[in-house]
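First up is the structure itself, then whatever we jot down about it.
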Amino acid sequence: MKIKIFILAFILVLLPVLTSRAFAQVQTRIRTIEASNVGSLVDPSLRDVHDQLGSLFNFTSYRLLRDESVSLAPNKPYEISAHREVSLEVTLVSQKKDMAEYRVRIRREKSEILNTTVRLSPGRSVLVGGPKHGKGIIILALSARF
């Protein structure tokens, strides 16, 4: 009888831990940025990624179009509409103690133009260059808290 009670207590203690891992959500910040060579304005809200933008992309102007914080659950795509013909999709693939893995897909009309996987450490940002937009391009800035 004592063994059954011990096993039941053990299961009740571990159940929340096991289910929280299985259904873990990661707080993800997704910023949609328009980069162009029209002017030289850098949106003040992009200060934290300005150095990365300048080292990876050759544009003079960076404007924040959208800033979203979402809780992503594994394998549940989150779709962002960039403009009429382009959709962006971010999916949490997995999450471990010190790393979250995301799949980023970009579609123009019905054709997939980008399908890549990125890994993020907590508090870090990763930039993904995307399709043309106006006189420039779209850049996604992803960061995660977990």
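What follows is calculated from the coordinates using simple rules that are stated; it is not laboratory data. This is a predicted model, so every value here is computed, not measured. With ideal geometry, Cβ positions are generated from the backbone for all residues, glycine too; neighbour counts draw on all protein chains shown.
For this structure, a couple of remarks:
- Rounded to the nearest 20, the size of the Cβ-charge dipole of the stretch 25-145 about its Cα centre is 180 debye, with Lys and Arg at +1 and Asp and Glu at -1.
- Packing, as the average of other Cβ atoms within 10 Å across residues, places the peptides 26-33, 113-120 in the order 26-33, 113-120, highest first.
- Volume per residue of the C-alpha convex hull in the stretch 14-146, rounded to whole Å³: 99 Å³
- Comparing Q25, L56, H133 along the charge dipole axis of the stretch 25-145, the residue lying farthest to the positive side is Q25, per the Cβ-charge model.
- Cleavage-rule hits, chymotrypsin sites (Phe, Trp or Tyr not before Pro), the stretch 41-95, DSSP coil, Cβ neighbours within 10 Å at most 16: F57
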